[in-house]
Amino acid sequence: MHIHLGVIGDVIFFFIAWIIISIPIWLSAKFFSSKDSFGKALIASLASVLIFEIIVGIFDFIHLHLIGLILGFIGMLGVFKAIFDVGWLGALGIAILSFIIAFVIIALLAIIGLSIPLLI
């Protein structure tokens with residue numbers, strides 16, 4: 001059952017989802033950066049999604065999808081590199097570990113019968 005609450009509901013959903021997707025980035029940044037904070041993870045998650053989507057969108061428009069995905073991923077790594085003050089390998093480590101942490105969290109929630117749509 002999906003209840004649509006209009007614009008206010010969409011804004012609330014956006015902020016809750018933004019916080020949730022920032023948690024794996026924040027946890028993984030703790031392993032690779034001494035300059036980590038949840039606020040920086042919030043900024044990194046928003047900026048990396050925006051950069052990725054802009055780059056992918058531009059390259060999709062000119063039908064170079066794979067190049068767009070690769071450059072979008074590099075753009076996302078650049079955001080992590082700049083915000084967490086790490087090198088390219090540190091940024092890659094944050095990206096990979098964030099994916100693993102998110103996967104584990106989603107799997108654990110599924111085991112106990114919860115899914116992300118039920119939490120939001």
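What follows draws every value from the coordinates through simple rules; no lab data is involved. These figures come from a predicted structure and were not determined experimentally. Cβ coordinates were reconstructed from backbone atoms using ideal geometry, including for glycine residues, and neighbour counts include every protein chain displayed.
Here are some notes:
- Cα Rg, Dmax (largest Cα-Cα span) when computed across the stretch 55-115, Å: 15.2, 44
- Spin-label model, residue 99 to residue 38: label points 7 Å out along the Cα-to-beta-carbon direction sit 2.7 nm apart.
- The chain: proportion of alpha-carbon pairs further apart than 23 angstrom, %: 40
- Approximating the spin labels as points 7 Å out from Cα along Cα→Cβ, the residue 12-to-residue 69 distance works out to 3.6 nm.
- Three-way shape label, the stretch 1-68, alpha-carbon gyration tensor, a/c 1.5: oblate
- When the Gaussian network model of the chain links Cα atoms closer than 10 Å, the mean-square fluctuations of 83, 70, 23 top out at 70.
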